Amino acid sequence: MRKLFITLFILITFAKAEVVYSKLHEKIFEGIFPDKNKILIYNIGNPIYKFKNIQYTKEIYKSDIIFISQYYKIHIMNNKPIFASSLFQLKYYKNAIGALYWNKGKAEIILLKDRLKEHNLKVADYLEKYIIE
């Protein structure tokens, strides 16, 4: 009985964390493209979240942004902006405009000012505090 309770507790906690993580991504993507009604994301990795105004596409050239949701080190042959899920990816990919990653159990958001400028992206006001030089 105790094992069942612990297992249920862990599953519920994990499910709630996924919902929070999904909502964070939704707000970030909407903030990166505040003037768009529909944002197309090309996803590299497993997590697929359900968003209101965001859709996934299988065609990289039709996407507004590439989202690398898991650890990958691949060569991407286009100039689309990339949103990473780690600091390593943010440094590795020259098109990476920002990242959402975990640091000591806390979600951290970084957006790079020069790379946002390269892609002519003006973020929403609520994301301004996450922009660094």
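In table form, for the structure just shown:
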quantity	calculated
Any strands (runs of 3 or more DSSP E) falling wholly within the range 1-76 and containing at least 1 residues that are touching an Asp or Glu at 6+ places or on another chain (Cβ under 9 Å) and either modelled with pLDDT of 85 or more or within 26 Å of residue 123 (Cβ to Cβ) (or both)	39-44, 54-56
Total residues in the range 100-133, condition modelled with pLDDT under 90, out of contact with any Ser or Thr (no Cβ under 7 Å at 6 or more places or on another chain) and either surrounded by 14 or more Cβ atoms within 10 Å (Cβ to Cβ) or in a loop (DSSP other than H, G, I, E, B) (or both)	3
Breaking point among (1) in contact with a helix residue (DSSP H, G or I) (Cβ under 8 Å, 6 or more places away or on another chain); (2) in a helix (DSSP H, G or I), for residue 91	(1)
Condition check for residue 97: touching a residue at least 60 places away in the same chain (Cβ under 8 Å), outside any loop (DSSP other than H, G, I, E, B) and under 16 Å from the mean Cα position of the chain (by Cα)	yes
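The values are calculated or read from the model by the stated rules, or taken from the named source; none is laboratory data. Here the structure is a predicted model, which means the values were calculated and not measured. When we count neighbours, we look across all protein chains shown, and the Cβ atoms used for this are built from the backbone with ideal geometry, even at glycine.
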